[in-house]
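Participant: The structure follows.
The values are calculated or read from the model by the stated rules, or taken from the named source; none is laboratory data. All values derive from a computational prediction rather than experimental measurement. Virtual Cβ from ideal backbone geometry, glycine too; neighbours counted across all protein chains shown. Ligands, DNA and RNA are stripped out before the accessible areas are found, and what is left, the full protein with its side chains, is counted by its heavy atoms. Shrake-Rupley method; radii C 1.70, N 1.55, O 1.52, S 1.80 Å.
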Amino acid sequence: MKKVNSDTFVNEVMYAIEQLPYKFSSLLTLKYVLGYSGKEIAEITGLSETNVRQQLLNGRKMLSKMIEEE
């Protein structure tokens, strides 16, 4: 990955999150932008905690791949 300043990196990550399918971007936003726990996200979304953890994992993998490709 290329070296960038932290503001640029945060902007790139936020842009990449917005490009993900909604089911991933919404969970990643709840977790990492708004700071909700997995349990809280499960309560908000109606998903099981296991499903939330799995979807967050899948979303992080997709996000990582998108960022590495830039």
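Participant: For the residue pair ILE44 and GLU68, what label-to-label distance in nm results when each label sits 7 Å from Cα along the Cα-to-beta-carbon direction?
Facilitator: 2.8 nm
Participant: Summing -39500 (n - 2.57) over the DSSP H runs of n ≥ 4 in the chain and dividing by its residue number, what mean residue ellipticity at 222 nm do you reach, to the nearest 500 deg cm²/dmol?
Facilitator: Values: 4 runs with 50 residues, N = 70.
My calculation for the chain gives -22500 deg cm²/dmol from helical runs alone.
Participant: If you keep only loop residues by DSSP, which trypsin sites (Lys or Arg not before Pro) in the chain have at most 13 other Cβ atoms within 10 Å of their Cβ?
Facilitator: Sparse-neighbourhood loop trypsin sites (Lys or Arg not before Pro): LYS2, LYS3.
Participant: Another question about this same structure. What ³J(HN,Hα) values, in whole Hz, does the Karplus curve 6.51 cos²θ - 1.76 cosθ + 1.60 give for region 14-25 when θ = phi - 60°, with x put for Gly and Pro?
Facilitator: 4, 4, 5, 4, 5, 7, 6, x, 3, 4, 8, 5
Participant: Now, a different point. For region 13-70, what does the accessible surface come to per residue with a 1.4 Å probe? Please give it in Å².
Facilitator: Working: 3770 Å² over 58 residues.
Each residue of region 13-70 exposes 65 Å² on average to a 1.4 Å probe.
Participant: Please give the net charge around LEU56, taking every other residue with its beta carbon less than 11 angstrom from that of LEU56, where Lys and Arg add +1 and Asp and Glu add -1.
Facilitator: Net of charged neighbours comes to +4.
Participant: While we're on this one: Find the lysine pairs in the chain meeting two conditions, Cα atoms under 18 Å apart and a separation of 8 or more places or different chains, and report how many there are.
Facilitator: Details: LYS2/LYS65; LYS3/LYS65; LYS23/LYS31; LYS23/LYS39; LYS23/LYS61; LYS23/LYS65; LYS31/LYS39; LYS31/LYS61.
Pairs that pass both the separation and distance tests number 8.
Participant: Using θ = phi - 60° and the Karplus form 6.51 cos²θ - 1.76 cosθ + 1.60, what ³J(HN,Hα) does each residue of region 49-64 get, whole Hz, x for Gly and Pro?
Facilitator: 4, 4, 5, 4, 4, 5, 5, 5, 4, 4, x, 5, 5, 5, 4, 4
Participant: If you place +1 on the Cβ of every Lys and Arg and -1 on the Cβ of every Asp and Glu, how big does the dipole about the Cα centre of the chain come out, in debye to the nearest 20?
Facilitator: With only Lys, Arg, Asp and Glu charged at Cβ, the dipole is about 220 debye.
Participant: May I ask you to give the percent of accessible area on the chain that is carbon plus sulfur, with a probe radius of 1.4 Å?
Facilitator: After summing per-atom areas, the C and S share lands at 53 percent.
Participant: Still on this structure, I have one more. Which of the three applies to the chain, rounded, prolate or oblate, going by the alpha-carbon gyration tensor with a ≥ b ≥ c and a/c under 1.5 meaning rounded?
Facilitator: Cα axes put the chain in the prolate bin.
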